[in-house]
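Here is the structure we will look at.
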Amino acid sequence: MRLPIITLTLLLLAHAPAHAGKTLDQVRQRAQLTCGVSTGVIGFSAADSQGHWNGMDVDICRAIAAAVLNDAAKVKYVPLNAQQRFTALQSGEIDLLSRNTTWTLTRDASLGLHFTAVTYYDGQGFLVQKKLKISSAKQLKNAEICVQSGTTTEKNLGDWFKAQGIKVKPVVFEKFEASIKAFFSGRCQAYTTDASALAFIRSKEAPNPDDYVVLPELISKEPLGPVVRRGDDEWFAIVKWVIFALIEAEEYGITQANLERMKASPDPAIQRLLGGAEDSGKLLGLERDWAARAVKAVGNYGEIFQRNVGSASPLKLPRGANALWNKGGLLYAPPVR
Amino acid sequence: MPAQRWRNLLVQALIAAGLLALLWWLLDATAANMRERGIRSGFDFLLEPAGFGIGESLLPFDSGDSALWALAAGLANTLRVALPAILISTLLGTLVGLGRLSPNLLLRKLCAAYVEALRNVPLLLQLLAWYFIVTDLLPAASKALQLAPHVFLSKSGLSVPWLGGDGGLIDLPQRGAMNISGGAAMTPEYLALLLGLSLYTAAFVAETVRAGIAAVPRGQSEAALALGLTRLQNFRLVLLPQALRGIIPPLTNQHLSLTKNASLAVAIGYPELVSVANTTLNQTGRAAECITLIMAVYLILSLLTAWLSAWLERRNGRWADHS
Ligand SMILES: N[C@@H](CCC(=O)N[C@@H](CS)C(=O)NCC(=O)O)C(=O)O
């Protein structure tokens, strides 16, 4: 409640909005990127016990800080719950929203924001108590379903069950913590959110993970990706292309480990991406090794995935739709050319 | 003094015009800023389908209904918890307030402890505590306690038979595969909110009542008793009418705070006005519009309460003068 009011006030007072091209200058001036993240979704953005942020969304922030400031550590993380995230971006409190946020028409076209690129193809699923012996979401008739407000989740739930002709009772919480606490105290028969988050909720938050199962159905498309403010095309391009560069790097087999060797590669495409023969950076207003810096800081897309949510992480999510386009997935970056 | 009067009028008109101009400037600047940033505005979303469900609603609501109807359902849910809570907190608060004036030491201390304990812990914490106590203590829906035929108590709440339903006059709660459904349910969210708001506000009501009675000069009671009135008569005819003068205005404030505090329900999942407006705001992105609506509704509720309070005071004034 308070944040929208503060935002309104800011909208009022800030008569001169952050003008085109200004974000890059501001970030450079303060030598820090301000990145909006979640309050704690392990694998995407969560702070560990020492206060260090980890996750895929966090690595995107780090990659951008590396490309722009040549230092992946120069990021200030602002934890935002589902409701606060867009207002924080609109008001200029953050430069970038990198927080499991679904790209939808309403958000893209009416909030004064731009979605940059998809960093994770997700879908909405259900976590249910095993003792109910349910194998499909279609059996959730009359069920009470815990859900966090301010999410696409809430509306998908309404849409999908309406289409199925099934009535369910949503129990809606403002805070993530309260919503999962209520679910695990047995208040709801099911919990719903993005399937990627369900994996973490089951394994990390459940008193006994074996008492719960994730249902097979995904009831929606949830393409997640970073968001920037409208009206700053240069910044929009930078964020977009850093993400594309991470995907391209995977495609060309450039990793954190072999980066230096790759810089000597005779392949013109690799030369271009890593700033050898051609200066691709100047088109974005960055140094010529912008992409190499990003890869050096966090690795290519595949490495980011495996480390945070994939086989090298406790979540063990399969690449699935998030594999490269030439490996049966959906990830396809326009060429850095 | 016509000149003086004209001057007063002029000053007032200027102030009013200044305030209006300021308001207009604020609205205009906000709208311009929003346009400049590519943020859509307007109230057209109110008539579009809401698209989300409301878990419990006094008004019949379906996700295909309009956002406006969703907000109305939210307001109805606010009143559904605020009105009973006002009643309970007033009764309980009066008892505790009188208890604090009792000649019995134990009772006095107990009542004082109640007031201190509840008044000094933030309401949000109390609500969360009640909510998680209620949900943890109640048995799972599959093991629901049957209090009477067709009356169940479980994590799904207190379910009782109610009018209407899909076919027939009476809708009976049933044990289903999932939980208890049918009938009218008071969910744990509702129960925790009702309990939390009532107990918290009662502490303030108690102080108001105690102060109101203590403010009546001792001489009044002494005189009444000397005239041969019984204790009860003294209380009813002498103390109370005078005390009420001091009690009613702050009491109405408490009722108003209670209604506004009901919005803390967003933390514990009860779909009252602010919770529904938040969801609408987030689905449509119309932050300025939704907040304006919430403010307008609370303003109207406040004005109504103030008006009711003024009416009560006038009535009490007459009563005090006549008796
Ligand atoms: N992808 C969906 C849901 C994202 C979302 O907010 N999910 C919740 C539940 S997993 C969350 O991340 N909560 C953490 C928080 O509020 O900090 C959206 O963009 O609306």
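Summary table below
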read-out	value
Signed unit charges on C-beta, dipole axis of region B:67-322, positive-most listed residue B:97, B:178, B:258	B:97
Highest-fluctuation residue, A:33, A:283, A:224 considered, GNM on chain A with Cα pairs under 10 Å	A:283
Region B:67-322 - Rg over Rh from alpha carbon coordinates, Kirkwood radius	1.05
Candidate lysines for bridging to residue A:221, where Cα separation is under 19 Å - those fewer than 8 sequence places away on the same chain excluded	A:138, A:155, A:162
Calculated P(r) of region B:127-193 - Cα pairs past 21 Å, %	23 percent
Computed over the protein assembly as shown, Kirkwood Rh from alpha-carbon pairs, angstrom	28.3 Å
Shielding of B:268-275 by partner chains, average beta-carbon count, 10 Å	4
Cα→Cβ-extended label distance, 7 Å offset, between residue A:257 and residue B:230, nm	9.5 nm
Residue of A:147, A:171, A:128 that the Gaussian network model of chain A assigns the largest fluctuation, springs spanning Cα pairs under 10 Å	A:171
Environment charge at residue A:94 (Cβ cut-off 10 Å; Lys +1, Arg +1, Asp -1, Glu -1)	+2
Distance from region B:249-311 to region A:132-149 (C-alpha centre basis), Å	31 Å
For region A:226-337, with +1 on Lys and Arg beta carbons and -1 on Asp and Glu, the positive-most of A:321, A:262, A:277 along the dipole	A:321
For the protein assembly as shown, size of Cβ-based charge dipole, Lys and Arg +1, Asp and Glu -1, in debye	1560 debye
Rounded tilt (10° steps) of A:152-164 against the dominant C-alpha axis of chain A	50 degrees
Share of alpha-carbon pairs per 10 Å distance bin for chain A, given as whole %	6, 25, 32, 23, 11, 3, 0
Burial ranking of peptide ranges B:31-41, A:262-272 (average Cβ count within 10 Å, highest at the top)	B:31-41, A:262-272
Extreme residue, positive dipole direction of the protein assembly as shown, given options B:26, B:15, B:196 (C-beta unit charges)	B:196
Gap separating the Cα centres of region B:188-228 and region A:242-259, nearest whole Å	71 Å
Cβ-defined net charge surrounding residue B:285, 15 Å radius [Lys, Arg +1; Asp, Glu -1]	+4
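Each reported figure results from applying straightforward, stated rules to the coordinates on display, with no laboratory input. Values in this document were obtained by computation on a predicted structure and should not be read as measured data. Here Cβ is always computed from backbone atoms with ideal geometry, including for glycine, and neighbour counts include all displayed protein chains.
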